[in-house]
1. What average number of partner chain Cβ atoms lie no more than 10 Å from the Cβ of the residues making up A:17-27?
2. If I fit a long axis through the Cα atoms of helix A:2-27 and take the longest principal axis of the Cα atoms of chain A, what angle between them do I get, 0 to 90°, rounded to 10?
3. Decide, for chain B, between rounded, prolate and oblate: order the square roots of the alpha carbon gyration tensor eigenvalues as a ≥ b ≥ c, take rounded if a/c falls under 1.5, and otherwise choose prolate if a/b is larger than b/c, else oblate.
4. How high is the FRET efficiency between B:E249 and B:E53 when r is their beta carbon distance and R₀ equals 45 Å, given to the nearest 0.05?
5. Which aspartates and glutamates does B:K105 reach when only Cα atoms under 15 Å apart count, and residues fewer than 8 places away in its own chain are ignored?
6. Using Cα-Cα distances under 8 Å and only pairs 6 or more residues apart, what relative contact order does region B:135-235 have, in percent?
7. Quick check for you: which residues of region B:181-207 have the amide N under 19 Å from the point 7 Å beyond the Cα of B:L140 toward its beta carbon?
8. Using packing as a proxy for protection, rank B:267-277, B:371-381 so that the peptide with the highest average count of other Cβ atoms within 10 Å comes first.
Amino acid sequence: MTALAWLIPVALLLGGLGLAAFLWALRSGQFEDLDGAAYRALEDDPPDR
Amino acid sequence: MTAHAPAGRLANEAEGASRVGASNTLTLAIENMRCGGCLRSVEHAALGVAGVETARASLAAKRVSIAYDSRQAGAVELIAALKRAGFAAAPMETAKEDRGDAWHKYLLRRVAVSGFAAMNIMLLSVAVWSGTASDMDDALAALFRCLSALIALPTVAYAGQPFFASALGALKGRRLNMDVPISLAILLATAMSLYQTMRGSEQVYFDAAVSLLFFLLVGRFLDETLRVRARGEAQNLLSLQSGIATIIEPEGSHRMVPTHALRPGDQLLVATGERVAADGVVLAGTGQIDQSLITGETAPLTVRAGQEVYAGTLNLTKPLQIQVRAADTATLLAEISRLMLAAEQGKARYRRLADRAAQIYAPAVHGLGLATFLGWLLAGATWQTALTYAIAVLIITCPCALALAVPAVQIAAASQLFRRRIIIKAADGLERIAETDMVVFDKTGTLTLGRPELLDDETISDKVLAAASSLAAASRHPYARAIVEAAQKRLGSVLPASGIEETPGLGLARSSPEGEERLGSAEWCGIDSGGEESEVWYRRGSEAPVRLRFADSVRSDAADVVASLKRQGYRLALLSGDRTAVVNRVARDVGIETWRAELKPAGKIAWLDACASAGRKMLMVGDGLNDAPALAAAHACMSPASAADISQRAADFVFQGEKLTPVLEAIAIGKRARSMALQNFAVAFLYNVACVPLAMAGLVTPLIAAIVMSSSSILVTANAARLAGRGRP
């Protein structure tokens, strides 16, 4: 049972990391253009200035 | 209308302004950006303009954001550059655009947080439940409940905000809305669970409270997604409607400005083939204008200096100089706006299905909860037990079907419409279109394409057609174009003649070896005919004149759509501002028995009102400025994408393309969405009927509450997903 003492915090931490990553992605505009992103991946040119 | 919007002149004036080194950002709506290649072309075109720093296009929003140095570039240069690359672009009104997006993100953040919390609490709860059945000791179960509380409390405080704020607002206004029982259930469940956790009891509802919050937030988020999308499409459409106008400066030079920057008193040059950008008075030039968008009248009108012209009319023959006039109260547009305002008030009273259900639902939920609490108190239970049972009732009855299933259905339906190139502009339009039992069409531009074509083609000899078409090639008049089109279809090519003179309002003339050739009105060719307007005569020298008749061509599938609507039991009507003979012919061609001609906008409204008071719910399909009040007055309304901007603004749906089938598709999808929503209500109702008695009897444990909550939500969402999966084109 002592394993729970560190397993639960680790599980929460990992979940929290996922949540933080999502919130960061949302804030930095990763979801602004879901249709366009699919095409941008196929572009050969380097990204713009 | 955009022409009267008091927006700043963001165009070239920004260059003259004293802002030094100002870096401006501009968002442009792009009409025809559809693929990844377009995305790059748009960005490259914008970056090619001197002074542009960054350009970022969004394929989903069909917009491009451009940061530029306002000393070197302006909106007009950017729009011109995009036009050269083949894209129609127009500046967005940026002030309004971002607010909806911010609320959308606000909800999404809360969905994420509550989803994270719901999963983790559920994980702990499952351990406790299965532990109860096996070997988990009480101390560990208590620890897990404490952990749940630690996760649940901040989550409820953060993710519950939209519900608490809305419930508070309703209570302040002495109303009850759906958010009142939701907030009550969440707050009571959380507080009671906290209390029970500290007492070491098993009646802990953190999992149910937080997953309730999560499902409800998903519903809110989907609903908002539909609104944001509908609003975004509407803004793009309206921005693209207003284009660029050419102003003649007092000293005589020409300058291009966006039409919304026009001011009364500005002098405009309207080139041949251009739409008039603002209401005004003709200063110089005589020409013919096509005002079918305004009045529904198909025959062109001749205008001279001093006459009024309206925004949206098409200049056909000669360049016109126009002075923009202030919007005073006596104009056609002012009357249309007044009629529309009155008509829209009626529509604002429409209450959405979910809201109507909530009106019945909220008091019932409160009543049941209260009855449970009081009943158990009277039966001799402690207040903790009574309150716990009441909370179970509140959680079980909480309206996931209303809050989650209806938005899910509508999102699925909107994507279906979008794939068929139908844009939904009003979020509740789908519900209203499903309720209609009568379809009212406008004629010009709706049933017809608003473009004349040559009638009795076969009675005209090849020789005459060839001669007439070589004259007609010199004119932009719609009848002339129809002749050229007919000639191209039959003879394969047209030889444009030289030395042609055009007299606006009358016709074309040219001298040839066989005598003078004339093409134009009866008067122009020296014939004393009945003077029917939709005809043109051709005469060479002293030969007998030949009559060419025209009619507005009906959309290719109009008759099929009408027949199909009839089969479905819809009543049909045709209301037009055009002449009786023309309307009669179109009505006969497409098979509509009920028709009215020569109606003014107020006449159309009066007709619709008479039908509405007879209990009919009408879908109005129209495109003209004269249809706008009728569109606003009807129960639901659609416009083609070629419609006047004021009509598109009023319309619930805007459809693209030359076909009329979108009307059928929108009705079908609206009906399917409605029946799905009703199915979901039924599912939720069955759940409640089964579980509420159990909850009131105190038999619902936290485990059952959580299972019922989640499974009913998942079931209704899965049902909604059926709509999205079906009938992909």
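1. Mean shielding count: 3.
2. 20
3. Verdict is prolate for chain B.
4. Numbers: r = 30 Å, r/R0 = 0.67.
For B:E249 and B:E53, the calculated efficiency is 0.90.
5. Of all the aspartates and glutamates, those that pass the test against B:K105 - Cα under 15 Å, at least 8 places apart if same chain - are A:E32, A:D33, B:E97, B:D223, B:E224.
6. Averaging sequence separation for qualifying contacts and normalising by length gives 26 percent for region B:135-235.
7. B:200-202
8. Result, highest mean Cβ count within 10 Å first: B:267-277, B:371-381.
The numbers here are math on the coordinates, done by the rules we state, and not lab data. Note that the structure is predicted; figures quoted are calculated from it, not measured. Note that we place each Cβ from the backbone using ideal geometry, even for glycine, and neighbour counts take in every protein chain shown.
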